[in-house]
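Here's the structure, in structure tokens; my notes come after.
The values are calculated or read from the model by the stated rules, or taken from the named source; none is laboratory data. Every value quoted in this text rests on a predicted model; they were computed, and no experiment measured them. So basically every Cβ, Gly included, is an ideal-geometry build from the backbone, and we count neighbours across all protein chains shown.
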Amino acid sequence: MQPVAIIATVLNEAQDIPRLVPSLLAQTPPASEIIIVDGGSTDGTWEWLVESARNHPTLHPLRDESCNLKQSPGPISRGRNVAIAAANSEIIACVDAGCTYSPDWLARITAPLLAGTAEYALGGSCLDLADATLWDLASSHFFGVRLEIDAPTKSCTARSMAFRKDLWRRIGGFPESVFFGEDTLFDQQARSLVSPAFIERAKALYRPQYDLQSACRQLAGYSISDGILGVRPARFFRNAARCVLEVLALLSLWWTWIPLAAVLALESWFAFRHNLRFLLRAGPRAVLARFLFSILVPWVVAINQIRGSLTKTNPSNRQNLQP
């Protein structure tokens with residue numbers, strides 16, 4: 001079997017790193033090397049990695065303080081690029097902090113690369129339901145995160161992605177000029193060169209632990225990045241149109257309730273066209289939370305995509321804000 005490297009980049013992930021690394025070490029068959037780049041953690045993440053590496057020779061932590069927002073506009077991309085450049089293996093599997101991976105994940109995501117039938121494979125992500133919050137359930141669909149492990153997906157998230165190192169070289173690496181959306185840009189470049197393989201049951205188990213505020217903040221960050229990059233204009237116009245329709249429906253209440261009823265029906269379709277049965281089983285609070293979050297989505301997306309296009313300023317995140 002060809003050697004395979006698992007790579008990740010982290011910054012102040014002390015809460016998540018003790019869950020991520022053991023799941024990577026438990027892969028069957030194991031990775032030849034697990035390279036984790038730390039961008040200058042101050043919360044104990046780096047010390048945990050160094051200590052763990054003493055007992056696991058395949059785990060290779062690297063500390064590179066240029067891989068944070070204080071030093072680079074694209075610290076996540078830079079961290080991944082540093083890790084991939086350090087890998088001896090020609091097959092690279094990307095993972096992300098905040099996730100865990102089933103023991104057969106690596107074998108599944110790399111199977112078409114090892115067989116020579118693909119150079120690029122995507123697995124997507126699934127919500128880790130073990131301790132999911134109400135707002136994890138409500139927001140999952142809008143982040144491309146599935147609620148069931150066997151649900152089909154064509155998500156390009158780098159939480160579950162594998163490729164040949166030569167493809168990474170031909171693309172020029174992950175784009176270090178952007179903070180959010182770097183995996184989307186990498187995916188666009190990859191698909192211009194090769195066709196991806198979409199792998200069933202190779203999803204990262206994602207544990208965001210959102211409340212309403214943090215879910216909206218994450219959506220805003222992605223939307224700001226879209227505005228900065230000038231990508232996904234159709235998404236912007238679709239959400240802006242929903243905002244306009246909602247305002248017009250409210251204004252029309254002076255004369256008739258029919259437009260508002262029509263808009264609420266449309267918004268119900270946006271909220272529940274996916275996962276309705278699952279949400280019903282989860283209870284009325286989950287149904288109500290999904291509807292509320294869906295109503296907020298067009299406003300958060302449209303306003304922040306405009307904001308990004310005007311300011312050209314990347315948002316920060318909780319890791320980079322720590323001292």
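Where in the range 157-259 are there helices (runs of 4 or more DSSP H), lying wholly inside it, with at least 3 residues that are among the aliphatic types (A, V, I, L, M), touching a residue at least 60 places away in the same chain (Cβ under 8 Å) and within 27 Å of Lys312 (Cβ to Cβ)?
212-229
Considering only residues that are over 19 Å from Gln2 (Cβ atoms) and of a type outside the set (Gly, Ala, Ser), look in the range 101-126 and name the one that is nearest to the chain's Cα centre (by Cα). Walk me through it before giving the result.
Step one: list which residues in the range 101-126 are over 19 Å from Gln2 (Cβ atoms), which gives 101-103, 122, 124-126.
Retained after the next criterion (residues that are of a type outside the set (Gly, Ala, Ser)): 101, 103, 122, 126.
Values: Tyr101: 14, Pro103: 20, Leu122: 12, Cys126: 10 Å.
My answer is Cys126.
Failed condition for Cys126, given (1) in a strand (DSSP E or B); (2) farther than 30 Å from Arg285 by Cβ, with all others met?
In the conditions (1) in a strand (DSSP E or B); (2) farther than 30 Å from Arg285 by Cβ, Cys126 misses (2) alone.
Run down Ala97, Ala121 and say which single residue is part of a strand (DSSP E or B) and either among the aliphatic types (A, V, I, L, M) or closer than 17 Å to Glu33 by Cα (or both).
Ala121
Against the definition (loosely packed, with under 14 Cβ neighbours inside 10 Å, in a helix (DSSP H, G or I), of a type outside the set (A, V, I, L, M) and outside the structural domain of Ser23 (by TED's automatic domain parsing)), how does Arg277 come out, yes or no? Step through it out loud before you land on a result.
Working: loosely packed, with under 14 Cβ neighbours inside 10 Å: yes; in a helix (DSSP H, G or I): yes; of a type outside the set (A, V, I, L, M): yes; outside the structural domain of Ser23 (by TED's automatic domain parsing): yes.
Against the criterion (loosely packed, with under 14 Cβ neighbours inside 10 Å, in a helix (DSSP H, G or I), of a type outside the set (A, V, I, L, M) and outside the structural domain of Ser23 (by TED's automatic domain parsing)), Arg277 qualifies.
When only residues in the range 186-237 that are surrounded by 21 or more Cβ atoms within 10 Å (Cβ to Cβ) and of a type in the set (Gly, Ala, Ser) count, which is nearest to the chain's Cα centre (by Cα)?
For the range 186-237, the residue satisfying everything is Ala204.
In the range 90-121, which residues are within 16 Å of Trp168 (Cβ to Cβ) and either buried (at least 17 other Cβ atoms within 10 Å of the Cβ) or free of Cβ contacts under 8 Å to residues at least 24 places away in the same chain (or both)?
Ile91, Ile92, Ala93, Cys94, Val95, Ile109, Thr110, Leu113, Ala118, Glu119, Tyr120, Ala121
Can you tell me which condition Ala111 does not meet? The list is (1) in a loop (DSSP other than H, G, I, E, B); (2) under 18 Å from Arg159 (Cα atoms), and all the others hold.
Checking Ala111 against (1) in a loop (DSSP other than H, G, I, E, B); (2) under 18 Å from Arg159 (Cα atoms), the one that fails is (1).
Checking Asp166 against (1) surrounded by fewer than 18 Cβ atoms within 10 Å (Cβ to Cβ); (2) in contact with a strand residue (DSSP E or B) (Cβ under 9 Å, 6 or more places away or on another chain), which test does it fail?
(2)
Kindly evaluate Val10 against the criterion of being surrounded by fewer than 19 Cβ atoms within 10 Å (Cβ to Cβ) and either over 17 Å from Lys165 (Cβ atoms) or in contact with a Lys or Arg (Cβ under 7 Å, 6 or more places away or on another chain) (or both).
Values: surrounded by fewer than 19 Cβ atoms within 10 Å (Cβ to Cβ): no; either over 17 Å from Lys165 (Cβ atoms) or in contact with a Lys or Arg (Cβ under 7 Å, 6 or more places away or on another chain) (or both): yes.
So Val10 fails the test.
Determine if the range 280-294 includes at least one residue that is surrounded by fewer than 17 Cβ atoms within 10 Å (Cβ to Cβ), among the basic types (Lys, Arg) and at negative phi.
yes
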